[in-house]
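The values are calculated or read from the model by the stated rules, or taken from the named source; none is laboratory data. None of the values given here were measured: they were computed from a predicted structure. Don't worry about glycine lacking a Cβ; one is built from the backbone with ideal geometry, like all the others, and counts go over all protein chains shown.
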Amino acid sequence: MEHRPTVGGLAARRCTTPGMSYLTQLECAACGRRLDPERQWQLCPTCDHPLLARYDLDLLGRQASLTDFDRRPPGMWRYRDLLPLREPERAVSLGEGATPLLQVPRLAERTGIPGLLVKDEGTLPTGTFKARGAAVGVSRAVELGVRTLALPTAGNAGAAWAAYGARAGLEVVVVMPETTPSVIRREAAACGADLYLVPGSIADAGAVVADGCRRYGWYDASTLKEPYRIEGKKTMGFELADQLGWRLPDVVVYPTGGGVGLIGMWKGFQELRALGWLPAGSPMPRFVAAQSAGCAPVVRAFAEHAERTRAWEEPATFAAGVRVPKPLGDFLMLRALRETAGTAVAIPDETIAATMELAAAAEGMVVCPEGAAALAAAAELRREGWIGEDQTVAVFNTGTGLLYEDSLPGRAPSRLRAGERLAAAGSQGAAGRPTARGG
Ligand SMILES: Cc1ncc(COP(=O)(O)O)c(C=O)c1O
Ligand SMILES: [Zn+2]
């Protein structure tokens, strides 16, 4: 069927049917300016704020239903009507299957949240949820004719964009802090990125990338400086709702750095609601931003009732993904937290480490530090009574802990001499051997 959405005064003509994208325009999140999505954009040319993809939800609602999603294979591409790709069959993909939404009975007992669920994004290609953003961002960059893209990263996004860029045959320039865990650095390098390490944080990396893009005309794929990464990340929200039978949990706890995952899910839920595809009258989940106490600009701004963050001085945490001193999308994150009656919690690094240990020992889940921060935030909010006992709480483990080799919990193994025999099972702990982290 043909329709003619208006794009910044232009009539864009496009045929759309279920299974194709219903993307109509880009819209500035601050001033509302509308732009033609078939051109390469960065920030809003009027006010320098992020652009968001908008879809013809009226038309999609009339032409399709959730049954269309259900008929397709599981994974992020089943929601392709609400993704920006004009040729979804040519998506740059590494096999992004649906990630498990796990019941965690022991953690549920420990935290006092019987309805605790963990969405484990560590099973995605490249080991983190960043694969979702990279799959859509790189695919769309190819459609729009980008040849070289550059991005600053706390680490995992660099590895993911390097991998998808390699798959697409793009040149990818990645700049990350020199403190980024070594496996993540090597993952990006292995996928052939031009990799640079800088002193400082992702903010310092961002300045270097911005300069490179100005000088060489590269496409700047920084968080929210290009409009499509967030579209990939919102599929975490679609998939969560899908796995709950197209219902939403009461609370979503998400480790927040640049904030794209949180803003993306909030946007995705709004789209589902506008389509009338959620149970009538069902409220938005309360969103929780989990950060490290060593870098918590969103927690501070939320507590101060501010609309923007102030740059965090000397950000320091081993949860590399949330070491973002001043996120560009802070105003959207803070809006999402307030409009959903959510909150923001800072977790000390020692608690993050203890929670990694607990998740692995209690559930066999080797979670990343960022995911552990989210789990710890849920536990704290339950203790404070902010989360009720009867609530369904979805916590995101955003990546596998295997990427953080130096931070993995567990006892050091016992070495056997030649011919030495094994002790009875469980006796290692009883013998009080030192743990891998020396505890
Ligand atoms: C494992 C992990 N979790 C969470 C985040 C934060 O993501 P977002 O930018 O969506 O806030 C990152 C970002 O680097 C990450 O690598
Ligand atoms: Zn604007």
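A few remarks follow.
- Residues of segment 272-304 that turn out to be β-branched (Val, Ile, Thr) and without any contact (Cβ under 8 Å) to a residue 60 or more places away in the chain, as a count: 2
Listed here are the residues, each with its yes/no results for (1) at pLDDT 95 or above; (2) basic (Lys, Arg); (3) touching a Gly at 6+ places or on another chain (Cβ under 8 Å); (4) within 16 Å of ligand 1 (Cβ to nearest atom).
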| position | (1), (2), (3), (4) |
| --- | --- |
| Arg4 | no, yes, no, no |
| Leu35 | yes, no, yes, no |
| Ala53 | yes, no, no, no |
| Gln63 | yes, no, no, no |
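- Only one entry of Tyr254, Tyr219 meets the criterion of being aromatic (Phe, Trp, Tyr), touching a strand residue (DSSP E or B) at 6+ places or on another chain (Cβ under 6 Å), within 16 Å of ligand 1 (Cβ to nearest atom) and touching a residue at least 12 places away in the same chain (Cβ under 8 Å), and that entry is Tyr254.
- Entry remark, segment 272-297: residues being surrounded by 20 or more Cβ atoms within 10 Å (Cβ to Cβ) and outside any loop (DSSP other than H, G, I, E, B) number 10 in total.
- Positions within segment 24-79 being part of a loop (DSSP other than H, G, I, E, B) and more than 16 Å from ligand 2 (Cβ to nearest atom), in sequence order: Glu38, Gln40, Asp56, Ala64, Ser65, Arg72, Pro73, Pro74, Gly75
- For segment 244-267, the candidate set comprises residues that are among the aromatic types (Phe, Trp, Tyr) and under 14 Å from Arg286 (Cα atoms); within that set, the residue that is surrounded by the most Cβ atoms within 10 Å (Cβ to Cβ) is Tyr254.
- Among the conditions (1) surrounded by fewer than 24 Cβ atoms within 10 Å (Cβ to Cβ); (2) assigned to a helix (DSSP H, G or I), Val146 misses just one, which is (2).
- Checked against the criterion of being crowded, with 17+ Cβ neighbours inside 10 Å and either within 19 Å of the chain's Cα centre (by Cα) or within 16 Å of ligand 2 (Cβ to nearest atom) (or both), the candidates Ala376, Ala360 yield just one match: Ala376.
- Any hit, segment 326-343, residues being in contact (Cβ under 8 Å) with a residue 24 or more places away in the chain, in a loop (DSSP other than H, G, I, E, B), within 28 Å of Tyr404 (Cα to Cα) and charged (D, E, K, R): yes
- Taking the numbered list (1) within 14 Å of ligand 1 (Cβ to nearest atom); (2) under 27 Å from Asp204 (Cα atoms) in turn, Glu304 passes all entries but (1).
- The set of residues in segment 354-404 that are closer than 12 Å to Ile113 by Cα and β-branched (Val, Ile, Thr) comprises Ile387, Thr392, Val393, Val395.
- Scanning segment 192-232 for residues that are surrounded by 24 or more Cβ atoms within 10 Å (Cβ to Cβ), of a type in the set (D, E, K, R) and within 22 Å of Ala296 (Cα to Cα) gives no hits.
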